[in-house]
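Inspection log for the structure reproduced underneath, given as structure tokens.
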Amino acid sequence: MTKSVMTRAGLFTRAAPQQLSRSAGGGRIDRSKPVSFTFDGCSYRGYEGDTLASALLANNVHLVGRSFKYHRPRGILAAGSEEPNALVRVGRGARAEPNLRATQVELHEGLYAESQNRFPSLKFDVGAINSALQSFFPAGFYYKTFMWPASMWMTYEHVIRHAAGLGRVADEHDDPDRYERIHAHCDVLVAGGGVAGLMAALQAARSGARVILADEQNEFGGWLLGEADVTIDGDTPAGWIAGVVAELAAIDDVTLLPRTTVFGYMDHNYLTLTERVTDHMASPPAHLPRQRLWKVRATQTILAQGAHERPLVFSGNDLPGVMLAGAVRTYINRYGVVPGNRTVVFTNNDDAYRTALALDSAGAHVLVVDLRRDLRGELVKSVRAAGIEVLSGHAVTIASGTQHLARVQIAPVNEGGSTVLDDPFHMDCDLLAMSGGLSPAVHLHSQARGKLGWDDRLLCFKPTTVHEASFNAGAGNGVFDTEKAIADGLKAGGAAAKAAGLTVSDTEAPAIEAPNQSWRPLAAWKIGNGYGPGQGPKAFVDFQNDVTASDVGLAAREGYQSVEHLKRYTTLGMATDQGKTSNINGLAILADALGREIPEVGTTTFRMPYTPASIGAIAGRDIGTLFDPTRLTRMDEWHRANGATFEHVGQWMRAWYYPKDGETMQDAVNREVLAARTTAGILDASTLGKIDIRGPDAAEFLNRLYTNSWLKLGIGKCRYGLMLKDDGMVMDDGVTTRLGENHFHMTTTTGGAAGVLDWMEEWLQTEWPDLKVYLTSVTEEWSVATLSGPNAAKILQAAGIDISLDTADFPFMSMREAHIAGLPVRVFRISFTGELSYEINIRARHGLALWTHLMAAGEAFGLTPYGTEAMHVLRAEKGFIIVGQETDGSVTPQDLGMDWIVSKVKPDFIGKRALERASMAMEDRKQLVGLRTRDRRRVIPEGAHAVLDPNEEMPMTMLGQVTSSYYSPNIGGSIAMAMLKGGRALMGGTVYLPMLDGDVIEAEVVEPMFFDPKGERING
Amino acid sequence: MLLITCPHCGPRDESEFSCGGEAHIARPLAENNLTDAEFADYLFLRDNPKGLFLERWRHAAGCRRWFNMARDTVTHEIVEIYPMGSGPASQAGKAAHAASWRRDTAAEAAAKPAPKARAKKEQVS
Ligand SMILES: [Zn+2]
């Protein structure tokens, strides 16, 4: 780095501030390992073990983003993957990744993060004007405003899309990182490594199960890592966790996956996991992928995902400085961060009292505001004993501040919290820890179609019955108490092991000491603020999608009574967090507005992914050249050395044309096409599908498969065949040769080879299992060089072929085995050009040798290599169709004018009955014709539509489309084939082809045969 | 992602298989005197029941063999897998076979093999 750059960088990078909110000691951070990172251009310090969120809070940075719709200032709400506000963009350049939750981003040296959804800066944001105009952005705003007039939608859409994006993808598009996919099987997959998950995994592993334990965090333990008031078997939570993890790690059949999110649960216990392998490393080793996608098939699954704490819905509850109470406790105990000094704990349940005690211990001033009137229990006593003031029957009615919480308004309220009973008072504060009760994380259970039931006591939905082979355990099962959750995990681990056919280990649950608390919250869903209904500062339900309590009420009043309609109308729960913190509050407020019970209203559908999964991990290594195989012929090397250009034909790379110095494509193709009819051309036809057919019923099988007759084909004879689907439509064509009494060699189109083989197998296995026929794909077994043109026989002779090529000895449509340069070959006298032509098949490995030998032998005879483009022109000159070009799955042999190939005597073949349907005889079916442009130099674009009257008002009456169109140097003009309605009746007439630019091409309808109509050139 | 037990290879992921649609559609021969509408029953109409469905599947990325499968389209439970040319053995499978509207079509009647051959070929009763 040059000195000047360093100076410039210094302008934008202030000296790292002190971590003012860091506690003096404690937590699971490594204070001996300081780490520098950058957020929105400022440098900060944190420690190893921090998340970006905990490190920002340690530096007193609460404002971390702007909200989606109103651009309101938002802070860190939670401490886990449920975080709705703190979405950040991490990394730079091609490695930048948007919408990561700061609560899940592990801190490492040099971490670079930016806030999102703000312009030009986080503290001064122009989009926040939306907030000032908030009365113009009610629920259903887009539906109401932008649907009319329809012609303006394009304009609106442009504006909306610009405004609506959440996050910004990487500036450069080529992701430099590597991702992997891994498939795994296990007896028991445990999703979630908190107390219940750890205990379940331990019990299953001790019972001999192959266990995979996955947890989204960097270390196992879950909520327990944030608790300081629990002991397990006399040990600290961390000590007990370390012991369990060590025991699991020592068992070979246990796979421990930290930093791994189980994000999808599909049928038959198939689960998808994303493992973040190196995201937490400052300089990842080269051998590791960035992320790994695990696809796990589990015999049994244990879901121990834990629970999410709910916010309370009151005015101003989205201000930075308003956090979930459990998260505050986690920041204090796990990360050694005290996010405020003058604090208010606002709750409807006992659990937040533990946060009050933690804040008090950390030296903060605490006031507890409890919605409940009758306060009992040990935790309340402990809090009061600590000298903390507790207000019962009160609520925080309004929180206020500009970019951070500055004061709260507190008032006595009624039983449900919805009505302010008396004058409020105000208090200055810088942190509000709120708790609205817990909601089990039932996402995976629901993805797997497990059923939920409403728990009237715990005020949450929890799993009732499972659909897959799975068990729920711990807080995710509605068992919030640590002691009971461990027991629940133990039970689930044993049950899963038993269901997997194992003998359950005799394990006892550890002894727990934890605060004795009630887990029952008070039902208080929408806190009153002293204003009229829908008035006063906004109270948010869904923080990420900016859905307020009034929006839910408005939707209900406007008739959106189904929760699925409410969701779409207000976008409640439709953000990237899928409403982890908002769903239950939204449902409860809707139920209240509708005067119904919550279980009557029901939940919306949970869908994968649980948290966003990166597309890179899903794609894995299947990108770039590894996305799809590229198939090369054995002569590919020669084509490349001789300057061929290539085209993709299915997976194959085929030589397209061979331009010489200064030649345009048209020049090269003209030269190749002329040579094939004046001297000789050679084509690499190795890609043609080839199927070896054997068995005593092989001829009978072909007779049923093709439209023409095959029983009497002589050995060594070739025949062209057309294959139909049972609906009478052409599906493939090719030449099949009888090699022996019970042995045939079939060729198919290049693109159709695999499909034709499957098709034949299907009929043999499902309809005619009595036929003894065996099919083998031999496409790759043979290299094929096609010699075509007047000099073809002379070249073969010069190449030293050891058989007579006289037409009498080797007639058209027959096959001879021979040798060229001592190598055995099969030579087929078939022709796709109308010229004297030989398809020489040789064992694949000799393909290049054959090709170079023929090129050498042909030099004196003007042998010219031609590619697929010339092949197309040559066959079009003869009116030969290409299946998939002239046909599109709605074309019969009759439509192609190929009645001659449809047997009138065979009792049945695939498609026969369908061809007899009345609709097949309709005169306005599209039929194959040739087109001859009046202006002979004018080549019609393929796909052009033909009309009879070019002056007709639009939309014109379409006759059909041009399927093939070329310049033919042999004709000296343009040639085309088209599928036109009633085409044969139009023969000799004129059609018009209107072009996009208003120009009209005029063409005569002719027979689709432009060259050598009598076929006189076939014998050279 | 279903877990399908190929009768030849064992349990494999659904992604290795391809579904061939409704099973037990007898193919009428061209010489059967079916009206176009009756023939269309065979050619175009496929059942799509809510509940147990008898389907044809192929182990496309494995042994390439076809087999029949009785799958519940709601729960995705695979009730049974049985060979081509035979009928379902389970009670539920037999009931689903008998309940299909197709059993009463002219196309089906025309395509049915003679009673003797049928007894040998199909085990549905
Ligand atoms: Zn198989």
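The values are calculated or read from the model by the stated rules, or taken from the named source; none is laboratory data. Keep in mind it's a predicted model, so treat the numbers as computed, not measured. Neighbour counts run over all protein chains shown; Cβ positions are idealised from the backbone, glycine included. SASA here: full protein model, heavy atoms, side chains in, ligands and nucleic acids out. Shrake-Rupley method; radii C 1.70, N 1.55, O 1.52, S 1.80 Å.
Quick look at the values:
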{"quantity": "Distance (nanometres) between label positions extended 7 Å along Cα→Cβ at A:Phe124 and B:Met84", "calculated": "7.5 nm"}
{"quantity": "Anchor A:Lys1014: aspartates and glutamates whose Cα lies under 16 Å away (excluding residues fewer than 8 positions away in-chain)", "calculated": "A:Glu835, A:Glu877"}
{"quantity": "Qualifying trypsin sites (Lys or Arg not before Pro) for the stretch A:181-286 [loop in DSSP, other Cβ within 10 Å: at most 12]", "calculated": "none"}
{"quantity": "Cut-off of 10 Å, at most 13 other beta carbons, DSSP loop: longest stretch of chain B lacking such trypsin sites (Lys or Arg not before Pro)", "calculated": "B:51-125"}
{"quantity": "Tail weight of P(r) past 19 Å, computed on alpha-carbon pairs of the stretch A:243-342, percent", "calculated": "67 percent"}
{"quantity": "Förster-model FRET efficiency, 56 Å R0, A:Arg568 and A:Ile803, C-beta, rounded to 0.05", "calculated": "0.15"}
{"quantity": "Charge dipole (debye, nearest 20) of chain A; +1 at Cβ of Lys and Arg, -1 at Cβ of Asp and Glu", "calculated": "820 debye"}
{"quantity": "log10 of Debye I(q)/I(0), alpha-carbon scatterers only, for the protein assembly as shown at 0.05, 0.08, 0.09 Å⁻¹", "calculated": "-0.50, -1.01, -1.12"}
{"quantity": "Virtual spin-label span in nm between A:Ile182 and A:Ala286, 7 Å along Cα→Cβ", "calculated": "2.2 nm"}
{"quantity": "The stretch A:38-100, accessible surface, carbon-and-sulfur percent (1.4 angstrom probe)", "calculated": "42 percent"}
{"quantity": "Theoretical ellipticity at 222 nm over chain A - DSSP helices of four or more residues, -39500 (n - 2.57) apiece, nearest 500", "calculated": "-6000 deg cm²/dmol"}
{"quantity": "Prolate/oblate/rounded call for the stretch B:17-92, Cα gyration tensor, a/c under 1.5 rounded", "calculated": "prolate"}
{"quantity": "DSSP-defined antiparallel bridges as percent of all bridges, the protein assembly as shown, nearest 5", "calculated": "75 percent"}
{"quantity": "Exposure rank, largest accessible area first [A:Asp171, B:Asp41; 1.4 Å]", "calculated": "A:Asp171, B:Asp41"}
{"quantity": "1.4 Å probe accessible area per residue over the stretch A:922-1006, in Å²", "calculated": "49 Å²"}
{"quantity": "Charge context of A:Ala680, other residues only, Cβ under 15 angstrom, K/R +1, D/E -1", "calculated": "0"}
{"quantity": "Residue among A:Thr687, A:Ser392, A:Leu319 farthest towards the positive dipole end of chain A, charges placed on Cβ", "calculated": "A:Leu319"}
{"quantity": "Buried solvent-accessible surface, both chains (A, B), 1.4 Å probe, Å² to nearest 100", "calculated": "2600 Å²"}
{"quantity": "Selection from A:Gly401, A:Val369, A:Gly752 lying farthest towards where the dipole of chain A points positive, charges on Cβ", "calculated": "A:Gly401"}
{"quantity": "Violating pairs (Cα-Cα greater than 30 angstrom) within the set A:Lys567/B:Lys50; A:Lys381/A:Lys526; A:Lys660/A:Lys981; A:Lys33/A:Lys580", "calculated": "A:Lys660/A:Lys981; A:Lys33/A:Lys580"}
{"quantity": "Range in chain A, longest, excluding exposed GluC sites (Glu not before Pro) [loop by DSSP; at most 16 other beta-carbon atoms within 10 Å]", "calculated": "A:173-414"}
{"quantity": "Within the stretch A:292-356, trypsin sites (Lys or Arg not before Pro) in DSSP loop having at most 13 other beta-carbon neighbours inside 10 Å", "calculated": "none"}
{"quantity": "Theoretical FRET efficiency, 1/(1+(r/R0)^6), r = Cβ-Cβ of A:Thr630 and A:Arg95, R0 25 Å, to 0.05", "calculated": "0.30"}
{"quantity": "Eligible aspartates and glutamates near A:Lys772 by straight Cα distance, threshold 19 Å, same-chain separation 8 or greater", "calculated": "A:Asp692, A:Asp697, A:Glu700, A:Glu741, A:Asp758, A:Glu761, A:Glu762, A:Asp908"}
{"quantity": "Per residue, in Å², the accessible surface of the stretch A:629-685 once ligands and nucleic acids are set aside, probe 1.4 Å", "calculated": "47 Å²"}
{"quantity": "Farthest toward positive dipole pole in the protein assembly as shown [+1 Lys/Arg, -1 Asp/Glu at C-beta], among A:Gly867, A:Ser81, A:Ala94", "calculated": "A:Gly867"}
{"quantity": "Local electrostatic count, A:Leu711, Cβ distance below 14 Å [Lys/Arg +1, Asp/Glu -1]", "calculated": "+2"}
{"quantity": "Which of A:His394, A:His62 is most accessible, then next, and so on - probe 1.4 Å", "calculated": "A:His394, A:His62"}
{"quantity": "Tensor-based shape of the stretch A:690-780 (alpha-carbon gyration tensor, a/c under 1.5 rounded, otherwise prolate or oblate)", "calculated": "rounded"}
{"quantity": "Anisotropy class of the stretch A:539-604 from Cα gyration tensor, a/c 1.5 cut", "calculated": "prolate"}
{"quantity": "Solvent exposure, largest accessible area first (probe 1.4 Å, DNA, RNA and ligands not counted), of A:Phe124, A:Phe1011, A:Phe861", "calculated": "A:Phe124, A:Phe861, A:Phe1011"}
{"quantity": "The stretch B:35-117: GluC sites (Glu not before Pro) in DSSP coil with no more than 16 other Cβ atoms inside 10 Å", "calculated": "B:Glu77"}
{"quantity": "Point-to-point label distance, A:Arg932-A:Lys498, nm (Cα→Cβ direction, 7 Å offset)", "calculated": "8.8 nm"}
